[in-house]
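One structure is given here, and the rest of the page talks about it.
The values are calculated or read from the model by the stated rules, or taken from the named source; none is laboratory data. A quick note: this is a predicted structure, and the numbers were derived from the prediction, not measured. Note: ideal-geometry Cβ built from the backbone for every residue, glycine included; neighbour counts use all protein chains shown. Note: accessible area is taken over every heavy atom of the protein model, side chains too, but ligands, DNA and RNA are not part of it. Shrake-Rupley method; radii C 1.70, N 1.55, O 1.52, S 1.80 Å.
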Amino acid sequence: MFTTAYSPQGWSRTVAPALLGAVLGCALQLQQSALSDRRIYVCFVLLALSTYALAALKNIAFSRRRLAPLFCIVAGLALGWGSTGLRAADFLSTALNPALEGRDVRVTGVVQGLPQSSEVGLRFTLRVEQAQRDGQAVELPARVAVGWYANGGSTGETVPAAVRAGERWALTLRLKAPHGSMNPHGFDYELWLWEQGIQATAYVRTSAKDLPPERLAQTWLAPVALARQVVRERILERVPDRRVAGLLTALVVGDQAALERNDWDVFRATGVSHLVSISGLHITLFAWGAAALIGFLWRRSGRLSLACPAATAAAWGGLLAACAYAVFSGWGLPAQRTCWMLATVTLLRASGLRWPWPQVWLLACAVVVAVDPWALLQPGFWLSFVAVGVLFASNSGASRAEPMPGEGTFYVKTWQLVCRRLGEQWGITLALAPLTLMVFGQVSVVGLLANVLAIPWVTLVLAPLALLGTVVPPGWDVAAWAAQGLWWWLGWLAQWPGASLSLPRAPMVWGLASMLGAFMLVLPWPWSARWLGLPLLLPVLWWQPEAPAPGAFTLLAPDIGQGNAVLVHTARHALLFDAGPRYSLESDAGNRVLVPLLRALDVQLDTLVLSHRDTDHVGGAPAVLALYPHAALLSSLEPSHPLQSLRASRRCEAGQAWEWDGVRFEVLHPRAEDYAQAAKSNAMSCVLRIAGAHGSALLAGDIEAAQEARLLQSVASGTVLKTDWLLVPHHGSKTSSSEAFVAAVAPSLAMVQAGYRNRFGHPAEPVLARYAQTGVSVLDSPHCGAMLWSSDAPAAWLCSRENQMRYWHHRVP
């Protein structure tokens, strides 16, 4: 069998089933919520090797040709599942010791990668060399993500003027296990850290009682990262336009931090984000462009062409150029995966093998997954892999239609080449549309038109000029001019009405069906066969999330960290109570969590309620208001608050009430006369009670004991406080949730929205004890993630962290 494995017949009998089984085995292992015993993984690997060996022996009865594929796919499944589990177990064995969480440790290490600066400080990755606590050596994970903030603790010390890649530092760090938000359709931050090899996060302590940070030496342990940092600084110094400088920095060194949020909005609306990120498609196009240039120049030399065929030189030259570019741009995971894929295809062709494109595609996929099994969970992998598959398919189909050398005029050949490239781009755009909808909840309608010019402009003009500037700095001036032209083109397209289409994210089964249908439409098949893919696209376009029945409502409390945000859904209406915190000048809960979630759920927001002015409640409001220009705003904000300039709000006052779809909404606090008094912001929190046919909820904002006492007094005048679901006041602060209030509300379920290991200590232990004494089930964001509750089933709830738990996720003590 081994002698025939590399023939098309041998491939289909042995190699293809083994590779397919290995990929499927990896995918199955990634579904584990907890790792199995290490010995089980070892057994599966041994089983795989022995099974394939037995299937290859011709003198074994069960190795008959018709049974060989079955044995090979079983062996592949066992090998993929076992090897991935072994790697995961090895990595998890070096995780941060829970006893070190929240502790200060003196760490010596070397700065890796590009340090990122912001208005609040620095972020960088530290490769740990040694660590001590109280004079005793302790074991830490090899890589730690470090934040160095402007006040570092309590002394007001600022971060140093510059932290360079490759520098060795001695720092006092307060450690924490990797923990990110867990929301439906949300970004898996913990998986991202896992793939980066990071198993702890920390921030630098610079208080008076801590040893001061100490720069020990500049090493040469990160030469590429240091060169990238120098190039980034020179680009920012030479190009005055921050927007253009950010684009050039992203293209040259892979640093996208300089790009503003509005810039990414333009890229997404026009479908060119893949050209700005150092993505798989970007690296592939760069490799093809480099190969075309090398081949063109190579053919101009008869001596070189005799020494080595131009096609071979172009293929290897394109691969080396792509790898060099990927390394200099940061060797990110998408770039790594693409380089492995390109290397596989190049080696296959160099060996003289001419397999059909589906077989080459499968081999490249298996190699990439073998190097990085967790790539199967990354949208970037599928976006680039599907795009490359379309290019494979279109090339295989188009090669038969290309004119022979000497056939046709120069203009005819040029026209055929242009038509072919347009066809390829149309195929990529169509094939990626369902996947883009599944991942991002929106797809660019003008993407084809934008990419027709943007791809060659960026790949053949802008990126080469930007890279040339690293050697000849005036190249950046020319590149800046080219970037301005690109901005003009993209900005014009992004302003078109309906430039992008947003749809709710359909279930996975419909998403996979739509991707298959789109791929069928672009394959080089007869149109009678292609049209069969069209019906597969319809479910993902028509699917709508199920709405509550009349008289019922649902509550979704997203995992937004230290802050409040609760989405209320009735049969035909939606209300958002608070909009979460602001994390920094560039980031808030609105853009990072709420807007993607609202789009994915296809929410048509009617009202935004902002309980009070604290930033952990209104930080994400600008993004939400921008997404819903017609939504009403109800709040206790003062007239001079900056948000009033974005949308004039109506005061929330006790006694206000309305009804949506058989569900009653009633404002219980503050009173109208409270606005005439100077009160602290928590005292002015809007309190909203929601009552359906079978259940009720109370959203209490940040009220404290005094306001709770007033609500208790209002019970005599007919106010109803008894409820099934309670948003715990003030995130579980000990200044709220008085015994009388908890007894009067008597909820079945209480939800605390708070950040993991937040500096306020929310929720306080005495508060949790009060709820426990009355038999109330209390959930919190760090343990639950996003929480979903329905008034139709008030005794039940769903926690995203429980439902989506995988072995790389943090298990909160």
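Tabulated data
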| item | result |
| --- | --- |
| Per-q log10 I(q)/I(0), the range 757-813, q = 0.22, 0.24 Å⁻¹ (Debye; single scatterer per alpha-carbon; no solvent) | -1.04, -1.10 |
| Under 5 Å, built H, 5+ apart or other chain: amide partners of residue 175 | 102, 103, 105 |
| Alpha-carbon centroids, the range 315-376 and the range 93-119: separation in whole Å | 33 |
| Antiparallel bridge percentage (DSSP; both residues within the chain; nearest 5) | 75 |
| Selection of chymotrypsin sites (Phe, Trp or Tyr not before Pro), the range 195-284, meeting DSSP coil and at most 11 other Cβ within 10 Å | 220 |
| Extension reserve of the residue 211-residue 118 stretch, reckoned as 0.36 nm per residue once the Cα distance is removed | 31.1 nm |
| Principal axis box of the range 638-755, alpha-carbon based, largest edge first, Å | 39, 37, 34 |
| Relative contact order for the chain, counting Cα pairs under 8 Å that sit 6 or more residues apart, in percent | 9 |
| Cα long-axis angle, helix 447-456 against the chain (0 to 90 degrees, to the nearest 10) | 50 |
| Relative packing of peptides 678-685, 731-738, 589-596 - highest average C-beta neighbours within 10 Å first | 589-596, 731-738, 678-685 |
| Rg to Rh quotient for the range 512-578, alpha carbon positions, Kirkwood Rh | 1.29 |
| Global size of the range 100-144 as Cα Rg and Dmax, reported in angstrom | 12.0, 35 |
| Nearest-ten-degree value, helix 508-522 long axis tilted from longest Cα axis of the chain | 30 |
| Positive dipole terminus of the chain, leading residue within 635, 576, 686 (C-beta point charges) | 576 |
| Fraction of beta bridges assigned by DSSP in the range 519-674 that are antiparallel (%, nearest 5) | 55 |
| Degrees separating the helix 261-270 axis from the principal Cα axis of the chain, which is the longest one | 50 |
| P(r) tail fraction, the range 266-383 - alpha-carbon pairs more than 22 Å apart, % | 40 |
| Coil-residue trypsin sites (Lys or Arg not before Pro) of the range 161-261, DSSP, other Cβ within 10 Å capped at 16 | 209 |
| Within the accessible area of the chain (1.4 Å probe), percent carbon and sulfur | 62 |
| Sequence of 801, 647, 303 from largest to smallest accessible area, 1.4 Å probe | 303, 647, 801 |
| Cα-based shape type of the range 559-647, given that a ≥ b ≥ c are square roots of the gyration tensor eigenvalues and the cut on a/c is 1.5 | oblate |
| Accessible surface of residue 182 - all protein chains present, 1.4 Å probe, nearest 10 Å² | 10 |
| Relative compactness, the chain, computed as alpha-carbon Rg over 2.2 N^0.38 Å | 1.05 |
| Per-selection Kirkwood Rh - the range 574-626 (Cα, Å, 1 d.p.) | 10.8 |
| The range 622-734 - share of DSSP beta bridges that are antiparallel (%, nearest 5) | 70 |
| Rounded D (µm²/s) - the range 634-707, Kirkwood Rh over Cα pairs, Stokes-Einstein at 10 °C, 1.306 mPa s | 119 |
| Tensor-based shape of the range 681-734 (alpha-carbon gyration tensor, a/c under 1.5 rounded, otherwise prolate or oblate) | oblate |
| Rounded accessible area of residue 465 (nearest 10 Å², 1.4 Å probe) | 40 |
| Between the range 508-554 and the range 427-461, the Cα center-to-center distance that results, in Å | 19 |
| Alpha-carbon centroid distance for the pair the range 16-44 / the range 598-641, whole angstrom | 45 |
| Residues of the chain: accessible area per residue with a 1.4 Å probe, Å² | 45 |
| Sites matching chymotrypsin sites (Phe, Trp or Tyr not before Pro) across the range 465-505 that sit in DSSP coil, with at most 15 neighbouring C-beta atoms within 10 Å | none |
| Heavy atoms of residue 73 accessible to a 1.4 Å probe, total area in Å² rounded to 10 | 50 |
| Per principal axis, descending, Cα span of the range 711-781 in whole Å | 40, 20, 18 |
